[in-house]
Structures are given as structure tokens and as C-alpha cells.
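K.L.:
I have a structure I would like to understand better, so I am pasting it below and will then ask my questions one at a time.
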């Protein structure tokens with residue numbers, strides 16, 4: 001647990017808390033910016049959020065009015081308009097008006113869904129940033145680990161030459177020569193594994209950022225883990241702003257609005273209308289063919305609402321309680337994650353300092369001393385073999 005994990009911890013804690021501080025280099029910032037613009041799943045989430053916004057804008061409005069056209073009171077024998085004063089053409093217009101607050105509740109539900117999709121987008125952005133940064137640090141790690149293995153292989157080759165020389169003079173065994181050769185081959189195999197891992201990380205970078213990382217020049221010009229800067233951030237003040245917490249809040253608001261809407265189903269809706277009857281003059285018509293105007297007011301009778309809506313209201317109430325409990329659970333989980341990662345961050349930083357100030361300097365001195373003693377035939381092959389293995393393993397552990 002060292003440099004790479006320290007950087008990943010910082011990115012994770014920053015994304016969980018929506019903090020502005022993070023560990024990055026200019027090229028990583030550029031990769032993230034490119035990924036946020038081009039990653040297909042994120043574009044889909046952006047479109048879904050825009051769709052929810054337009055849907056929310058259209059919600060909570062009155063139902064469409066109804067226009068009616070009818071021919072009324074026509075005699076079956078002639079279907080004529082001028083045989084009776086009651087015949088005519090009726091043009092009617094009516095408008096349904098839901099009970100007070102129903103439209104407002106529908107608007108709240110749609111707005112809450114819009115905000116949920118917005119938080120889903122923010123959450124996906126955070127996940128994408130974490131995936132890009134993890135791939136970036138993996139790429140740097142495997143590239144640098146391969147360089148360390150190359151140094152180890154070169155050092156093992158020197159050890160093989162020294163062992164062969166001593167064996168030719170009868171002051172060392174064939175076993176030492178063979179062990180040095182086997183070590184060289186094992187390091188070579190591990191270098192192949194590291195190269196494969198580097199290519200996998202490189203492929204992930206290309207996938208997330210839509211940038212071709214097959215160019216060797218571009219690869220060699222990338223930063224090293226040692227040069228990545230750590231930007232500070234402060235989580236000690238203010239409420240944590242996190243997409244998952246905000247989404248849980250919006251789910252509660254949506255459930256509460258839905259519960260309010262279901263309760264309003266017990267109340268009637270109104271219908272207002274006007275009819276205009278176009279008539280022809282007929283004999284014995286007391287108003288001489290004058291057109292008629294009718295005004296109408298209707299009210300729905302929710303006679304069956306109590307039995308029909310009772311279970312719907314109960315279901316909606318449980319949804320509210322579920323959303324409230326889920327918000328508390330999400331907030332608690334996020335706080336726990338931050339607490340755990342903060343502890344790991346402090347521990348990892350302390351371990352990294354140990355590697356830099358104690359473990360690596362001491363193991364380097366040990367390797368130098370063992371090699372010098374082996375050259376002077378004062379130390380066994382096992383001693384320098386163990387010192388070599390430990391030193392290069394510690395160097396890889398430090399950046400992993």
C-alpha cells in the first residue's frame with residue numbers, strides 16, 4: 001500500500017465528498033476532460049437528464065380541453081334541420097379542472113425525477129473520473145514497475161557474471177551460477193506480465209478518454225508516479241455534497257409528492273363547458289331560429305375512491321418511509337466510507353514515508369554492502385541474492 005494507492009485514495013475521497021481537491025497531473029486533467037466530453041454512457045446520461053427536464057416543464061399543466069361537434073334532434077325520416085325548432089348543430093368546448101393541488105403534486109414528482117437524473121449524471125461523472133484516474137495510475141505503475149524490473153535484471157546479470165567468475169576460480173559453486181540465471185529468466189517472465197498489464201491499462205485509458213495511446217513517443221512522455229502533485233482539500237467544514245445523498249433526498253421528495261397525490265384522489269375533479277347550438281328558423285319557433293348557448297359545470301363523484309385508493313395510499317405512505325430510511329442509510333454509508341478512507345489515507349501516507357526515509361535507503365545500503373562483500377568473497381551468495389530480491393521488491397511496493 002504505497003504511492004499509487006495513496007493517489008487513488010485521494011481521488012476516491014474527493015469524488016465521494018465532491019471536494020475540489022485531488023491528486024493529478026496536467027495530462028490526467030486533460031484525460032478526464034476528454035472522457036467527460038466523449039464517453040458514450042455519460043452522453044446517454046446527459047440526454048436522459050435533458051429529457052427529464054423537458055418532461056418536468058410539461059408536467060402539472062391542465063388536461064387538454066375537449067371540442068365536441070354534434071347534430072342533434074334530427075327527424076329520422078328526413079334528417080332535416082328545419083322541421084323542428086329543437087334541431088341544430090352543437091359545437092361544445094369543455095375543460096377538466098383537477099382538485100386543488102393535484103397538478104402541483106404531479107409537477108413536484110416530475111421535478112424530483114429531473115433532479116434524480118441530474119444526480120445520476122453527477123454520480124456517473126464521479127465514477128468515470130475514478131475509472132480514468134485508476135487506469136492512468138495503473139498505466140504509470142506498470143510502466144515504472146517494468147523499468148525497475150529491467151534494472152533488477154541488469155543487476156542479476158552482473159551477479160551471474162560475478163558468480164561465473166568465482167566458479168571458474170573454484171571459489172563458488174555451480175548452484176550460485178544457476179540460481180542467478182534462473183533469477184534472470186524469472187524477472188524476464190515477470191516483465192512480460194507487467195507489459196501485458198500496462199497494455200491493459202493503456203487500452204482502458206483509450207476506451208475511457210477516446211485517445212489513442214499506442215504511440216510510443218506519447219507513452220514515454222507521460223509523467224511518472226513520483227512527479228504527480230497532490231492538491232490539498234478540506235472535508236472538516238460544511239455538509240458533504242454527494243450525488244448519492246442528493247439522489248436519496250430527491251427520492252424522498254418524489255415519494256412524498258406521490259403520497260400527497262394519492263391522498264387527493266379522494267377528492268372530486270371539476271369540468272366546465274359551453275355548448276353553442278346553431279339553429280334554423282322553423283314554423284312555430286318562438287325565438288325565430290335564434291341560436292342557443294348552454295353553460296355546464298360538472299363534478300366527478302369519487303364514490304368508489306375509498307375502497308379503490310385505500311391500498312394505493314398505504315403503498316405510497318410506505319414508499320415515503322422507505323425513501324426516508326434509505327436517505328439515512330446512504331448518508332451513514334457515505335460518512336463511513338469517508339472515515340475509513342481517511343484512516344487508510346493517513347496509514348498509507350505514513351507507510352510511504354517509511355519506504356522513502358527508512359526501508360529503501362537501508363535496503364539499498366544492504367545491497368551495496370552485500371555485493372561488495374560478495375566481490376571480496378566475504379559474504380555468501382544467499383546474502384546478496386536475498387538483498388537483491390528485497391531491494392527491488394521494496395521499490396515496487398513503494399509505488400504500488
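K.L.:
Which entry in [x] 1.28; [y] 1.35; [z] 1.01 matches Rg/Rh (Cα atoms, Kirkwood Rh) derived from the coordinates of this structure?
P.N.:
Only one option fits the structure, namely [y].
K.L.:
Residues in the stretch 112-154, backbone N under 17 Å from the label point at residue 200 (7 Å along the Cα-to-beta-carbon vector): list them, ranges by number please.
P.N.:
Counting only backbone N, you get 131-146.
K.L.:
Moving on to the next point. With r as the distance between the Cβ atoms of residue 394 and residue 369 and R0 = 25 Å, compute the FRET efficiency 1/(1 + (r/R0)^6) and round to 0.05.
P.N.:
Values: r = 16 Å, r/R0 = 0.63.
Efficiency computed from Cβ-Cβ geometry: 0.95.
K.L.:
Simple spin-label model, 7 Å along Cα-to-Cβ: residue 212 to residue 97 in nm?
P.N.:
So the two model labels end up 6.7 nm from each other.
K.L.:
Between residue 185 and residue 318, how many nm apart are label points set 7 Å from Cα along the C-beta direction?
P.N.:
Spacing of the two 7 Å Cα→Cβ label points: 6.7 nm.
K.L.:
Let me ask another. When the helices in the chain are scored as -39500 (n - 2.57) per DSSP H run of 4 or longer and the sum is shared across all residues, what 222 nm value do you end up with, to the nearest 500 deg cm²/dmol?
P.N.:
Values: 10 runs with 262 residues, N = 400.
Helix contribution divided over all residues of the chain: -23500 deg cm²/dmol.
K.L.:
Let me ask something else. Pull out the extension gain between residue 284 and residue 173, defined as 0.36 nm times the separation in residues minus the alpha carbon to alpha carbon distance; nm, one decimal.
P.N.:
Numbers: separation 111, 0.36 × 111 = 39.96 nm, distance 13.66 nm.
So the extension gain works out to 26.3 nm.
K.L.:
Evaluate Rg over Rh across the stretch 246-400, taking Cα atoms for both radii and Kirkwood's formula for Rh.
P.N.:
Numbers: Rg = 41.7 Å, Rh = 24.7 Å.
With Rh from the inverse mean 1/r over Cα pairs, Rg/Rh is 1.69.
K.L.:
With the crude spin-label approximation of a point 7 Å out along Cα→Cβ, what separation in nm comes out for residue 55 versus residue 293?
P.N.:
4.3 nm
K.L.:
At 0.36 nm per residue, and after removing the present C-alpha to C-alpha distance, how many nm does the segment from residue 158 to residue 127 gain when stretched out fully?
P.N.:
On the way: separation 31, 0.36 × 31 = 11.16 nm, distance 4.63 nm.
Full extension of this stretch gives 6.5 nm more.
K.L.:
How high is the FRET efficiency between residue 357 and residue 383 when r is their beta carbon distance and R₀ equals 25 Å, given to the nearest 0.05? Display every interim value, and only then the final one.
P.N.:
Values: r = 24 Å, r/R0 = 0.98.
About 0.55, to the nearest 0.05.
Values in this text are rule-based calculations from the coordinates and carry no lab data. Keep in mind it's a predicted model, so treat the numbers as computed, not measured. Every residue, glycine among them, receives a Cβ derived from its backbone with ideal geometry; neighbour counts consider all protein chains shown.
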